[in-house]
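Report on the following structure.
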Amino acid sequence: MRRSSLVVVANRLPLDDNAAPDGACEWRRSPGGLTGALHTILQQAPATWVGWGGGQAPGPRLPTVGNVRLRPVALTADEQRGYYEGFANSTLWPLYHDAVQQPVFQREWWDTYRAVNQRFAEAAAEVAGRHAAVWVQDYHLQLVPRMLRELRPDLLIGFFMHIPFPPPELFMQLPRRVELLHGMLGADLVGFQREQAAHNLAQLAQKLLGAETGDHAIHVGGRTVRTGAFPVSIDVAEMAALAARPDVVAHAGKLRHDLGESKRVLLSVDRLDYTKGIEHRLTAYRELLRDGHVKVRDTVLVQVAVPSRERVESYRDLRDRIEGEVGRINGEYGRVGEPAIHYLNQPFDRAQLAALYRTADVMVVTPLRDGMNLVAKEFVAAREDGSGALVLSEFAGAAAELSTAFLVNPHDLDGLKQTLMRALEADPADLRARMSGMRRHLTEHDIYAWARAYLTALDQTGRLAQRLPQ
Ligand code: ADP
Ligand code: F6P
């Protein structure tokens with residue numbers, strides 16, 4: 001077996017095995033920020049990607065994706081329940097997102113989480129060459145850095161948390177908080193989306209492990225773990241080129257025609273997740289319709305909500321509530337052939353998303369808490385003519401960078417309504433100025449800049465970062 005000098009370990013492979021209509025296995029790019037981001041970078045840098053294929057078995061045959069060899073990790077149905085649906089997505093996910101949904105603590109999930117993390121660590125140890133760099137991703141695999149260090153002390157180990165890392169008062173609720181901290185601190189470098197998260201980790205390491213901390217450094221167990229903020233991004237040039245492609249422009253024209261040439265189009269694109277603030281947004285929109293600030297004949301909302309984690313009860317309940325509310329709003333305010341909201345609960349390919357981004361007058365991205373939110377960045381990258389408004393939650397990591405968006409607190413319903421109206425009625429020159437600030441920022445801070453910054457910090461010799469386009 002060939003071993004790699006760069007190994008990425010993430011819960012998911014960049015592909016999902018989806019059953020095609022004829023029952024055959026079909027590989028499809030998995031939705032979600034993490035896979036999209038890494039998929040792009042690794043096209044340019046030979047590596048091995050260790051991850052789960054989405055189904056119960058590795059699947060019939062995994063294709064190679066560009067330069068990337070895929071090393072699947074199989075999960076049984078019980079492991080999916082305990083590790084993925086349970087500890088990762090019913091305990092850690094809600095807790096790390098400000099507990100906007102009550103986290104569930106079930107003792108038996110922990111053993112499965114630990115066993116699956118061990119399997120990922122063993123798979124990484126097997127494919128990593130001597131002194132290779134292994135880059136472990138996200139909250140699903142928080143124990144892997146330490147496990148991997150025990151198996152392979154020669155490796156350079158990085159860990160990156162794509163989602164928020166909570167303040168001590170929330171993290172302290174976790175029954176297995178000490179093990180989780182030790183797990184992450186097995187890495188040489190722990191990266192976050194925001195500086196505050198690195199600060200939270202340092203405070204927790206002091207409090208729970210008695211560690212000494214310095215500037216972006218935690219001294220623990222005779223080692224120094226470095227920390228830092230590395231806000232993730234997108235392939236800006238790729239999205240801009242896609243949005244300018246003639247077929248995408250034509251598709252956007254058709255969408256606009258179908259929605260109503262003279263109408264103002266509000267657009268939201270989310271995974272169907274309770275962190276994304278979809279219910280708050282629908283309430284705000286219903287009240288705008290009720291109060292006559294917007295009318296079905298002049299404005300329309302398109303809500304794309306791609307199905308996500310549907311085996312987790314809280315996600316199924318959320319979907320029922322959202323669909324009930326969309327039905328109520330359309331029932332009350334829609335007209336024949338003219339719904340108030342177009343609701344699309346389906347995956348789209350990149351070109352379809354780019355066409356939607358081109359069509360919107362106002363992009364509404366209002367999560368209650370989000371590590372970054374790449375949809376906001378994709379929208380900005382797609383608007384080459386500099387038009388369009390972005391309404392962005394202060395609680396998305398992206399707000400720290402896209403500061404000329406219409407920033408909003410999505411918990412404040414009146415504030416949200418006012419901000420939507422400000423964006424709908426803004427002067428085009430103001431919109432252009434705001435958009436140009438955001439586009440300038442993104443051009444310099446694209447996905448390659450993110451990977452370069454992280455990999456340079458991980459391997460200070462610069463060897464890893466050299467593999468990426470300059
Ligand atoms: P998260 O990582 O929580 O899913 P992000 O906004 O960071 O949130 O990333 C979401 C990613 O999923 C984006 O790249 C977006 O283009 C993609 N995506 C969102 N909706 C869909 C959809 N309906 N079909 C396919 N991809 C989608
Ligand atoms: O970082 C957030 C995250 O969990 C990513 O790992 C993934 O890209 C996205 O959300 C989608 O979630 P899932 O892999 O559970 O479908």
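A short reminder: the numbers here are calculations on the coordinates, not readings from a lab. The structure displayed is predicted, hence computed values, not measured ones. No Cβ is skipped: glycine too gets one built from the backbone with ideal geometry, and neighbour counts run over all protein chains shown.
Could you calculate the contour length gain from Glu279 to Asp298, that is, 0.36 nm times the residue separation minus the distance between their Cα atoms, to one decimal place in nm?
Roughly 4.6 nm would be gained on extension.
Considering only DSSP beta bridges whose two residues both sit in the chain, what percent are antiparallel, to the nearest 5?
Taking every DSSP beta bridge with both residues in the chain, the antiparallel ones total about 25 percent.
Principal axis lengths of region 236-444 from Cα atoms, whole Å, largest first?
Over region 236-444, Cα extents along the principal axes are 41, 36, 32 Å.
Determine the distance separating the Cα centre of region 267-336 from the Cα centre of region 85-122; give it in Å without decimals.
Region 267-336 and region 85-122 have Cα centres spaced 28 Å from each other.
Between Ser436 and Ala115, 0.36 nm times their residue separation minus their Cα-Cα distance comes to what?
110.7 nm
Ranked from highest to lowest mean number of other Cβ atoms within 10 Å per residue, what is the order of the peptides 411-423, 361-373, 203-215?
Packing proxy ranking, top to bottom: 361-373, 411-423, 203-215.
Run the paramagnetic zone check for Arg290: 7 angstrom along Cα to Cβ, then residues of region 318-361 with backbone nitrogen under 19 Å.
Label zone hits: 321-335, 340-341.
Would you kindly state how much longer the chain becomes between Gln418 and Leu209 on full extension, computed as 0.36 nm times their sequence separation minus their alpha carbon distance, in nm to one decimal?
70.6 nm
Can you tell me, using C-alpha contacts under 8 Å and at least 6 residues apart, the relative contact order of the chain as a whole percent?
Reported relative contact order: 13 percent.
Val249 to Leu407: FRET efficiency via 1/(1 + (r/R0)^6), r the Cβ-Cβ distance, R0 35 Å, to the nearest 0.05?
The calculated FRET efficiency here is 0.70.
Extending each Cα 7 Å along its Cβ direction at His131 and Thr461, get the distance between those two points in nm, one decimal.
For the pair His131/Thr461, the computed spacing is 0.4 nm.
Whole-Å semi-axes of the chain's equivalent ellipsoid, largest first, each the root of 5 times a Cα gyration tensor eigenvalue?
37, 24, 23
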